[in-house]
Structure formats: structure tokens, C-alpha cells
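Single-structure report; data block below.
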Amino acid sequence: MALLIRNTGGRYGWIAILLHWSVGLLFIGQIVLGLVMVRTTSQRSAFELIQLHKSFGFLLFGLILLRLGWRLANVTPRLPAETGLLERRAAPAAHFALYALQLVLPLTGWALVSASVLEIPTMPFDLFVMPNLPVPISDAAEGWWRVVHVYLAYAAIVLVAVHVLAALRHHFWLRDIILVRMISPSRRCDDDGPE
Amino acid sequence: MLSRSLVIATLAAAVVAGPSALAAASLSAAGGRYTISQAGSSIRFSIGKAGGGSLDGAFARFTGNIRVDNANADRSEVNITIMPASVGTGQGRIDAFLRSDAVFDAANDPEIRFRSTNVRRTGETTATITGNLTARGKTSPEKFQAELKSFAGGTITFRVTGKVLRSRYGMDVGTPIYSNVVEFDMTLSGRRG
Ligand code: HEM
Ligand code: HEM
């Protein structure tokens, strides 16, 4: 069977699947890292974890840009025929919001670091110096970007939880193809759409 | 920072021993013990940042003394004790970080000490001071360059510079974003007595 690279009307191709899971797992890890690092009492550990959060944030940002480009260059597999009207409306809206958060979270994190009067350089994985965004630098500006970054992150936690629960519901309760088609393009399923 | 005292002693001794007319005139009487006074003295440091710029700061509180041996420069001495809790960079959050156990751990290690072990004259008004620097329980030999700036009315002033690798003292947090090399630039002014 030919390796399915691109999406079809009914299935996600390998690139979309790989990008979904690599971004998805890194994204959840990034949230956990963010929550832990701001609650760490050791100043040394906190400093090092924040540098790690910035490094993974930029790695994620790169993958997310690839993912958005790939998404725009591909068709989106249609939902199974039996999908209810509510979910038919809600799923695309939720996915759009997830894409928006994937774009805006790294940007607001980058802005908050760039606005800091501490001017701590960002060196993703100690490899190179990432320039700062051209935003005004002041304690007030940093505080504002921090609030935006943190509340968007909290919104992402809620949305990802709903997203994961929805996927599990499809798989274990509705027993449809939704989760299966995000795992492999070739795994057969009863309501497999026409290629 | 500690080596400053040593440098001072060396310089004074060197100047005293030297034939330089100016120095000899004023320094023939420089032998003796000096107490470093915070007024007129400063201990500044600078750490380079990746991509340019630097983190600059100073210690506001320190004590020390210099013994200038007129007859034998090598027997001059410098002792300096710095209180790391007095570090200041102009940024409260950075000061708190430096005082914390991430860097100085000033609460448990309130002093950084330098004891000279050797003072070697290198010119009319210059000397190299070697000694032991102790910070956070670790002691390592360090070297500083000292230059005599003035000696008058019982007050002797040296400029002392040197580079210290902070990794030797368990303070390598933030490398390589912040350089491992700490550049010291000190003005040490001592009063006789
Ligand atoms: C998808 C990417 C990202 C996610 C999901 C994310 C998530 C989070 C979370 C959950 C927190 C902790 C919020 C709190 O409880 O206070 C946080 C804090 C933070 N993030 Fe991100 N982040 C991302 C990208 C970035 C990037 C790219 C940067 C910088 C280049 C960054 C810089 C920061 C900083 C500095 C904080 C600490 C804010 C503070 O001082 O309270 N983040 N982030
Ligand atoms: C780890 C738990 C996760 C599971 C089980 C999961 C499951 C799924 C499934 C089954 C789909 C396919 C929906 C369909 O067939 O229409 C999907 C799509 C999607 N997921 Fe996840 N996901 C997870 C994590 C994430 C995370 C953390 C994000 C956010 C960064 C995310 C963002 C998306 C987006 C944007 C889509 C739509 C893809 C498109 O059609 O372009 N997922 N997810």
C-alpha cells in the first residue's frame, strides 16, 4: 500500500499525523513545564527551567509554523456522516481555537521575555542567541504580556482537556474513526470514507 | 575583589622599593598597615552576555587591610572580605537572584574572602597579586593586577583588576547565556592604621 503523505477527503496523511502528535505532546509538556517552573522555590532551578521553557517554546513554534503551512496546503478530512449538528459546528471552531493558541502562545511568551527590563538573552538549547521582538521594554509592559501569556495558557489547558475528552468519547463510546484516523492513515475502520 | 588588597600591598611595596622619583618621593614613607575604607573604594564587576552587552554590578560592603613591606615587597599582604548580601546591579530581581542560593547564598555564606599569598612587582607602580579566594566553601588561587594611583596624607589608592571563573566557586548558573568570566575592576583606598 502506498505511503499516504498528504491528507485525503477521508483520512489524515502521515505528515499531518506526525505533526499533530509531536506538537500535541510537546504542547502539553510545555504547559506542565510552565506551571512547574513558576512554582519552583529554588531560584537556580527556576532560572534553568525557564530557559528550558523558552527553548522548547521556540522548538514548538517552528513545528507549529510547519503544521499551519501543511494544514493550509491540504484538505481537511470530512467528519463521519453520523456526526451530530452540534459537533459539526463545534469541532472546526475548537480546532481553529487550538491553532490560534498554538500561534499566539509562543508569540506572547516571546513578547514577555522581550519586554523585560532584565534583558536576559534567549539561547534555545544553548545553540544561538534568539533576537528579541521589537516591543516596548518596561516592568509594566512585561507584566501585561505575562498576564496575556498566562491566561491564554490557562485557556489552552481547558480547551486541550475538552479536545482530549472528545477524542476519547469518539473512540470508546461512539466507536467511530476519529481517533483511529489520527493514528494511522491505513488502519481500516468500518466507516472509512471514500479515498 | 579579594586580590585588590594584595595588589595594593604589592604596589605600595614596589613603589617604595623602586627608584622612581615621584613614587619614591611620596612612597618612601608608605610602609605600614592600611585599613581599606569603603569611602573612596569600589568593587565593581562585569559579566558578558551572549549576543553582546553585560551584567554590571558592585558590592557596597567590604572590609580589608593592606600591609606594605618597605624593605621586601614580597612580604606585603592584602586581605579583603566582601559581604555578598550588599551586591547591587540596579535591578532588584537580579540582586535577589544573586543573593539567593542560585549564586552567593548570602544567608548561609555571608562572606567572600581573599588572602594574598604573593605580591610580585611588575613595574614602577604595578604589581601582580596572587592569593586564595574563598567563596561558598570553595577556595581557589586567583591573580590580580594592581596599579598605584595615589599616595598622599596617609591614604594609598590602588586600582586592581582581574578575571575570576565563577564555575570554580559553584556559581556557574546561567552559563553560557552569561559568561563564566567575571571581570573585576576595583578601586581600593586604604588609610594608615
Ligand atoms: C506553545 C508554547 C507555550 C506554552 C503552551 C506556554 C505555557 C506557559 C505556562 C502554562 C506558563 C505558566 C503560567 C503560570 O502558571 O504562571 C508559562 C509561563 C511562562 N512562559 Fe510560556 N508557554 C509557551 C511558550 C513560551 C515561549 C516561546 C516563551 C519565551 C520565549 C515563554 C515564556 C514564558 C515565561 C517567561 C513564563 C513565566 C512567566 C512568569 O514569570 O510568571 N513561553 N508559559
Ligand atoms: C494527547 C492528547 C490528544 C489526543 C488524544 C488528540 C486527538 C485528536 C484527534 C483524534 C484528532 C482528529 C479529529 C478529526 O478526526 O477530525 C485531533 C485533531 C486535532 N488536534 Fe488533537 N489530540 C490531542 C492533543 C492535542 C493538543 C495538545 C493539541 C493542541 C496543540 C491538539 C490540536 C489538534 C488540532 C488543531 C486538530 C485538528 C487537526 C486538523 O484537522 O487540522 N491536539 N486530535
### Task
Taking the Cα centre of the stretch A:14-189 as origin, sum charge times position over the Cβ atoms of Lys and Arg (+1) and Asp and Glu (-1), and report the length of that vector in debye to the nearest 20.
780
### Interface area, A with B, accessible, probe 1.4 Å, both sides summed, Å² nearest 100
1500
### Summary
Spelling it out for B:Val87: with amide H atoms placed in the peptide plane at 1.01 Å from N, the residues 5 or more places away or on another chain with amide H under 5 Å from its amide H are B:Ala60
### Query
In the stretch B:159-193, which residues become less accessible by 40 Å² or more once every protein chain is in place, relative to the chain on its own, using a 1.4 Å probe?
B:Val173, B:Pro176, B:Ile177, B:Tyr178
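Take a quick pass over the protein assembly as shown and tell me how many lysine pairs come in under 29 angstrom between Cα atoms, counting only ones 8 or more apart or on separate chains. It would help to have the intermediate numbers written out before the result.
Working: A:Lys54/B:Lys49; B:Lys49/B:Lys138; B:Lys49/B:Lys143; B:Lys49/B:Lys163; B:Lys138/B:Lys163; B:Lys143/B:Lys163; B:Lys149/B:Lys163.
Eligible lysine pairs with Cα atoms under 29 Å apart amount to 7.
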### Task
May I ask for the distance between the Cα centers of the stretch A:1-20 and the stretch A:51-125, given as a whole number of Å?
20
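Could you tally the net charge around A:Val113, taking each other residue with its Cβ under 12 Å from the Cβ of A:Val113, Lys/Arg +1 and Asp/Glu -1?
Details: positive: A:Lys54, A:Arg146; negative: A:Glu119, A:Glu142.
Around A:Val113, the surrounding residues sum to 0.
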### Summary
Length gained if A:Thr8 through A:Ile28 is fully extended, taking 0.36 nm per residue and subtracting the Cα-Cα distance, is 4.4 nm
### Message
Residues of the stretch A:100-136 losing 10 Å² or more of accessible surface, assembly versus chain alone, probe 1.4 Å, please list them.
### Response
A:Val117, A:Leu118, A:Glu119, A:Ile120, A:Pro121, A:Met123, A:Asp126, A:Val129
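Can you give me the relative contact order of chain A as a percent, contacts being Cα pairs under 8 Å and 6 or more apart?
27
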### Query
For the stretch B:30-55, which residues drop by 10 square angstrom or more in accessible area between the chain on its own and all protein chains together (1.4 Å probe)?
B:Lys49, B:Ala50, B:Gly51
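Which whole-number percentage describes the relative contact order of chain B, with Cα contacts under 8 Å and a sequence gap of 6 or more? Don't skip to the end; give the middle numbers.
Working: 577 pairs, mean separation 59.1, N = 193.
This gives 31 percent for chain B.
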### Message
Can you compute the modelled spin-label distance between A:Ser184 and A:Thr76, with each label point 7 Å from Cα toward Cβ, in nm?
### Response
2.7
### Task
Roll a 1.4 Å probe over the protein chains and send me the accessible area per residue for chain A in Å².
57
#### Entry: Cβ-Cβ FRET estimate between A:His20 and A:Val129, R0 fixed at 30 Å, reported to 0.05
0.45
### Task
Work out the length of the dipole vector of the protein assembly as shown about its Cα centre, built from +1 on the beta-carbon of each Lys and Arg and -1 on the beta-carbon of each Asp and Glu, and round it to the nearest 20 debye.
400
### Query
HN-Hα J couplings of the stretch B:107-119 from phi, Karplus 6.51/-1.76/1.60, θ = phi - 60°, integer Hz, Gly and Pro as x?
5, 9, 10, x, 10, 10, 10, 10, 10, 6, 10, 7, 10
### Task
Could you please state how large a percent of the accessible area of the stretch B:2-192 is carbon and sulfur, counting protein chains only and using a 1.4 Å probe?
50
### Query
Taking a label point 7 Å from the Cα of A:Ser138 along the Cα→Cβ vector, which residues of the stretch A:102-129 have an amide N closer than 17 Å to it?
A:112-119
### Summary
Expected vector for the stretch B:29-46, Karplus 3J(HN,Hα) from phi with 6.51, -1.76, 1.60 and θ = phi - 60°, integer Hz, x for Gly and Pro, equals 9, 7, x, x, 10, 10, 9, 5, 10, 5, 5, x, 10, 8, 10, 10, 9, 9
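Extension gain B:Asp172-B:Thr117, at 0.36 nm per residue separation less the Cα-Cα distance, in nm?
Values: separation 55, 0.36 × 55 = 19.80 nm, distance 2.56 nm.
Working it through step by step, the gained length comes to 17.2 nm.
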### Message
Skipping prolines and chain starts, which residues have an amide H placed within reach, meaning under 5 Å, of the one on B:Thr122, given they are 5 or more residues away or on another chain?
### Response
B:Ala127, B:Thr128
## Note on the structure
Ignoring ligands and nucleic acids, A:Tyr99 exposes an accessible area, probe 1.4 Å, in Å² to the nearest 10, of 40
### Message
At 7 Å along Cα-to-Cβ for each site, give me the label-to-label distance between A:Tyr99 and A:Val147 in nm.
### Response
3.0
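The values are calculated or read from the model by the stated rules, or taken from the named source; none is laboratory data. Because the structure is predicted, anything quoted here is derived from the model rather than measured. Note that each Cβ is placed from the backbone with ideal geometry, even for glycine, and that neighbours are counted across all protein chains shown. The accessibility values were calculated without ligands, DNA or RNA, using every heavy atom of the protein model including side chains. Shrake-Rupley method; radii C 1.70, N 1.55, O 1.52, S 1.80 Å.
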